[in-house]
Amino acid sequence: MGLRTKLTEALGIEAPIIQGGMQYVGYAEMAAAVSNAGALGIITGLTQPTPEDLRKEIRKCRSLTDKPFGVNIAILPMLIPADYDAYVRVICEEKVAAIEITGGSPRKYMAQLREAGIVVIHKSATIKHALKAQKDGVDFIEIAGFESAIAGRSSEDDVTTWVLVTKALEVLDTPLIVSGSATGRQLAGALALGASGLTMGTRFLATQECPIHENVKKFIADPANDELSTTLVLRTLNNATRVSKNTVAKQILSIEADDTIDNKEAFKLASGMKAKSMFRETGDVQGAMWSCGQSVGLINDIPTCKELVDRLVSQAEARLQNAYSFVVSPGSKL
Ligand SMILES: Cc1cc2nc3c(=O)[nH]c(=O)nc-3n(C[C@H](O)[C@H](O)[C@H](O)COP(=O)(O)O)c2cc1C
């Protein structure tokens, strides 16, 4: 058996699952492991210090897999001043299968990406932004609800995935992907609602191949670290970001709550470099602010990417087949 959707068809992948871009995690090893497992692996473009480093990372990924993979670009010029044009140029020159754009508008790059034959996925946190991305002509829209590990959200956008996805499916014509999940039940739910697949971030952190410190994986897989173990920081700076509710996150929240301190002080604790060192070197899960979705409450193990993707697909198949039993013809008895 298997699952076939607009996403698997457009990308030539086996499972309708995307590993979302993850700063300081989405290296070639991660993307290749996910793609080799039959889903879509994604290299995080801005984790590479320069566009030429991104080119090397794409080529490294190509040496690790012959399956399709993508690159994520978070267009956040105020937060990350990067040469976005040059990064996108490299992505087009290297002709990766897909680009996952988040933060800003993809409009400026659409013609270039089309010419390079790249599938364009836009991650939107609101219906307003999804409608704009649709107007720009993207191929897929990922909808990221309140519970997902997303950064830079407007402080007003506290809408859960259950409502956001349903509304998006009603108002958009563009195929939709549900972002922020960890299980086959959610995959079945997404497909049953009418979406074309799932994007997961936090779930892929706790996999054997994920190139981060073992402590972080164990922390994520610990049942005590559940769906109540995340929080939204930087709300007061209109930059709401869902993170692990650890020591640093609590310090940030207390700065934000203190009228005598300039809120911008919180940004100092939100340093990306500390997160990089936590993921890559120290494994000190309390010592840096790091993105984590409420889906952490659904994660209790550290499988290989292949075990995970296979499990999600078979769980989803079982749920979808079971769902047929609820459909009855007029006059038949339960
Ligand atoms: C550690 C981490 C880093 C992330 N970094 C990025 C990023 O650089 N760009 C981006 O578009 N999304 C980023 N995300 C969001 C993911 O791509 C994905 O949308 C999100 O994790 C889905 O929610 P989930 O974690 O509950 O599955 C990150 C998520 C995590 C967990």
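Filter region 272-318 down to the residues that are acidic (Asp, Glu) and part of a helix (DSSP H, G or I), then identify the one that is farthest from Lys217 (Cα to Cα). Per the criteria, the residue is Glu317. Residues in region 104-124 that are closer than 11 Å to Ala74 by Cα and crowded, with 20+ Cβ neighbours inside 10 Å were compared, and the one that is farthest from the chain's Cα centre (by Cα) is Pro106. In summary, Trp162 fulfils each of the numbered conditions (1) free of Cβ contacts under 8 Å to residues at least 24 places away in the same chain; (2) outside the structural domain of Val120 (by TED's automatic domain parsing) with the single exception of condition (2).
On inspection, Leu46 passes the criterion of being more than 25 Å from Gly184 (Cα to Cα) and of a type in the set (A, V, I, L, M, F, W, C).
How many of the residues in region 276-318 are of a type in the set (Lys, Arg), buried (at least 16 other Cβ atoms within 10 Å of the Cβ) and within 16 Å of the ligand (Cβ to nearest atom)? The total comes to 1. A residue that is more than 25 Å from Leu191 (Cβ to Cβ), touching a residue at least 24 places away in the same chain (Cβ under 8 Å) and more than 19 Å from the chain's Cα centre (by Cα) occurs somewhere in region 73-81. Here Ala97 fulfils each of the conditions (1) out of contact with any Phe, Trp or Tyr (no Cβ under 8 Å at 6 or more places or on another chain); (2) away from the ligand (no atom under 16 Å from the Cβ); (3) of a type in the set (A, V, I, L, M) apart from (1). Of the residues making up region 238-271, those that are among the small types (Gly, Ala, Ser) and either part of a helix (DSSP H, G or I) or surrounded by 18 or more Cβ atoms within 10 Å (Cβ to Cβ) (or both) are Ala240, Ser244, Ala249, Ser254, Ala257, Ala266, Ala270. Out of the residues in region 319-333 meeting the condition of being touching a residue at least 60 places away in the same chain (Cβ under 8 Å) and more than 23 Å from Ser148 (Cα to Cα), tell me which one is surrounded by the most Cβ atoms within 10 Å (Cβ to Cβ). Among them, the one singled out is Leu320. Residue count for region 58-93, restricted to those that are at pLDDT below 95 and either over 26 Å from Ile150 (Cβ atoms) or of a type in the set (Val, Ile, Thr) (or both): 2. The set of residues in region 183-236 being within 14 Å of the ligand (Cβ to nearest atom) and either at positive phi or acidic (Asp, Glu) (or both) consists of Gly197, Asp226, Glu227. Among the residues of region 1-46, those that are within 16 Å of the ligand (Cβ to nearest atom), surrounded by fewer than 21 Cβ atoms within 10 Å (Cβ to Cβ) and either of a type outside the set (Phe, Trp, Tyr) or in a helix (DSSP H, G or I) (or both) comprise Gln23, Glu29. Within region 131-145, being in contact with a helix residue (DSSP H, G or I) (Cβ under 7 Å, 6 or more places away or on another chain) and closer than 17 Å to Ala190 by Cα holds for Phe140, Ile141, Ile143, Gly145. Evaluated against (1) of a type outside the set (Val, Ile, Thr); (2) more than 16 Å from the ligand (Cβ to nearest atom); (3) touching a helix residue (DSSP H, G or I) at 6+ places or on another chain (Cβ under 7 Å); (4) modelled with pLDDT of 95 or more, Ser155 falls short on exactly one condition, (4). Reported count of residues in region 80-93, each being surrounded by 13 or more Cβ atoms within 10 Å (Cβ to Cβ) and in a loop (DSSP other than H, G, I, E, B), is 2.
The values are calculated or read from the model by the stated rules, or taken from the named source; none is laboratory data. What you are looking at is a predicted structure, and each value in this text was computed from that prediction instead of being measured. Don't worry about glycine lacking a Cβ; one is built from the backbone with ideal geometry, like all the others, and counts go over all protein chains shown.
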